[in-house]
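Readers should treat all values here as calculations from the given coordinates under stated rules, not as data from a laboratory. It should be emphasised that the depicted structure is a prediction, and the values quoted were computed from it without experimental measurement. Cβ sites come from the backbone with ideal geometry, for glycine too, and all protein chains shown count toward neighbours.
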Amino acid sequence: MTGELQSADDSSKRDAQPGLRASDRERDQVVEVLQVAAGDGRITAAELDERLDAALSARTQGELALLTADLPSEGMPPQAKDLVRVDQRFGDVSRTGRWLVPRRIELRLMFCEAKLDFTDAVITHSTLHIDLDLRLGGNLILVTRPGVVVDTDGLVRSSGEIKISPQPGPAAHPVLQVRLTGQSRGGDITARPPRRKLSELMRRRPPGNSGR
């Protein structure tokens, strides 16, 4: 998929036939490039909205080329997997750092904890579907970031707790909607922002505060 992303952003090929009709696949590839660029801070949320609208309505390859002409072609992530399955008993499983978010995850846990940290994750699409089967002792932790929204309306819960922490500060432009479906039969689900480091908390302490 890395090659396909680069092909979607290969200006020399697009310029060769700018009037050629664009396909749905080419539109989707440009959408992925734009979403990655927004996640990296190369374009603003307003620019992302504007370019996404233009990409989805583009009729030719030339129109698509203009939307990514000022973005790098190298270093783009591969295509997100359609499905990732995790069936874990005992121990822990985690996705942290710069990992590529798939389109769908089937997650079955028992006597273990799964942690999905979206702080530095590469997000190339707008929705992640997580099909859950949480059994006794199976817990799920989602570490969110501004723009990552968690939806548990489709989840059937017979036991266990669901704790969704609100995002700090003003509402951010939606980057990813995490939709949880399936069932929880004994596990807890927690969605929270990243925990601040001790050094950050110390810097925020008012001067002259001796802790008394």
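Things worth noting here:
- Region 103-116 - phi-based ³J(HN,Hα) in whole Hz, Karplus 6.51/-1.76/1.60, Gly and Pro as x: 7, 8, 10, 9, 10, 10, 10, 8, 6, 7, 10, 10, 10, 10
- With a Förster radius of 30 Å applied to the C-beta separation of residue 81 and residue 119, the computed FRET efficiency comes to 0.90.
- Here each label is just a point 7 Å from Cα along the line to Cβ, and for residue 21 and residue 192 those points are 5.4 nm apart.
- FRET efficiency for residue 69 and residue 104, using Cβ-Cβ distance with R0 set to 30 Å, rounded to 0.05: 0.40
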